[in-house]
Structures are given as C-alpha cells and as structure tokens.
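Working notes, structure below.
The values are calculated or read from the model by the stated rules, or taken from the named source; none is laboratory data. Keep in mind the model is a prediction, meaning the values are calculated, not measured. Cβ placement follows ideal geometry from the backbone for every residue including glycine, while neighbour counts extend to all protein chains displayed.
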Amino acid sequence: MSDRFTDDLVAFLPNLRRFALCLCRRSDLADDLVQITAERALAARDRFDPLTRIEPWLFRILRNAWIDHSRRSKSQGQTVDIDDALVTDAPGLSVDGVRQTEAIWMLRRTEVAMATLPEDQREVMMLICVDDLSYREAAEVIGVPIGTVMSRLARARLALAEKLGIK
C-alpha cells in the first residue's frame, strides 16, 4: 500500500543521511535529522509539487531541521556523545591489494580534508559532488543565488585540492 511519494522518500534516505552527517558530523544526530525530515516531508506531502524532483525539497527540509537544531543547542549548553569518545578505525575491515588500500587511504584523507572546510563550502560540495544536485537545486536547498553556490564550490574544490596535495 505504498505510493510513489513514499517510495521516493524511502529510496532517498541514504542520501539524506549522508548529507546530515556532512552537516552535523554525528551519526546519532544525523539519524535524528533524517527522521525529522521524513516526518516533516510526510506531513507536508500535499505541498510538494510532483512535477519537480523530490531530492532538493528533502534536502531543504533536512537543512532547515539542522538550522533549527543548531539554534536550540546554543541555549542548551555543551553535550558529549559517548560514541565519539569510543570511535575506532573500522574494526573488522580487511583489505586486499595495494589499489584497495590506496583507495581507502585516499578516501579517508579526503573525508578529513572535507571536514576542515568551512561549513558553507562543505555543504555545497556535498550537495553537488556527492548527492549530484544541479547548481540551481543546490541554490534552492541552501537559499542562496546560483553564483554563490558556484563560488563556494570553486573555493571548496581549490581548498580540497590544496589540502590533499593535488594542486
């Protein structure tokens, strides 16, 4: 008894979680943001234009949920996630071959380098390069002009290349 809207929402959950992780850098909070996004999207499904792509709309809901959370947390004080204190380096991961090892190493270096980017650049990089949104869609999600998206992305790419020693 599912419909197209629900199917699309469920299929897009991994992308939403990836973007949420990019924003908050905590898996538990990312999961909460994705749940909030799904709840808000289902509650507002009558306001979604089925002639448009659902991805930018969902990203916008998630980003707004993150902004709401950030504003609330400023008045709550500091919290510490016990999982962050116990992070290990992918237990049980076995890798064969030099190419796989190098690819994993480069991916980890890229993740670390991306985490050091300013939030506005990291956000644009995730939306366009990872989640494959167009500049226009990313601009709608973030609520800025397309030119701002383009300049943030250009600065993010240059900074990332420099941090990785590519440039």
Item to check | So R99, is it modelled with pLDDT of 80 or more and out of contact with any helix residue (DSSP H, G or I) (no Cβ under 8 Å at 6 or more places or on another chain) | outcome: no
Checklist outcome for this item: For the range 14-37 the number of residues that are touching a helix residue (DSSP H, G or I) at 6+ places or on another chain (Cβ under 6 Å) and free of Cβ contacts under 8 Å to residues at least 60 places away in the same chain is 10
Item to check | Search result, residues across the range 1-24 that are surrounded by fewer than 11 Cβ atoms within 10 Å (Cβ to Cβ) and of a type in the set (S, T, Y) | outcome: S2
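Could we say that A44 is at pLDDT 90 or above, exposed (fewer than 15 other Cβ atoms within 10 Å of the Cβ) and farther than 29 Å from L160 by Cβ here?
Values: at pLDDT 90 or above: yes; exposed (fewer than 15 other Cβ atoms within 10 Å of the Cβ): yes; farther than 29 Å from L160 by Cβ: yes.
For A44, the condition - at pLDDT 90 or above, exposed (fewer than 15 other Cβ atoms within 10 Å of the Cβ) and farther than 29 Å from L160 by Cβ - is met.
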Item to check | Residue list for the range 108-167, restricted to those being surrounded by 19 or more Cβ atoms within 10 Å (Cβ to Cβ) and small (G, A, S) | outcome: A138, A139, A156, A159
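Could you go through the range 117-133 and let me know if any residue there is more than 14 Å from the chain's Cα centre (by Cα), of a type outside the set (F, W, Y) and modelled with pLDDT of 90 or more.
No, the range 117-133 contains no residue that is more than 14 Å from the chain's Cα centre (by Cα), of a type outside the set (F, W, Y) and modelled with pLDDT of 90 or more.
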Checklist entry - So which residues in the range 101-145 are acidic (D, E) and either outside any helix (DSSP H, G or I) or not assigned by TED's automatic domain parsing to the domain that holds L160 (or both)? => result D131, D132
Next on the checklist: Looking at (1) within 19 Å of the chain's Cα centre (by Cα); (2) modelled with pLDDT of 90 or more, which one does G147 not meet, given that it meets all the others?
Outcome noted: (1)
Checklist entry - When you look at A85, is it of a type outside the set (V, I, T) and either in contact with a Lys or Arg (Cβ under 9 Å, 6 or more places away or on another chain) or at pLDDT 90 or above (or both), yes or no? => result no
Checklist entry - Looking at the range 69-80, is at least one residue surrounded by 10 or more Cβ atoms within 10 Å (Cβ to Cβ) and modelled with pLDDT of 85 or more? => result yes
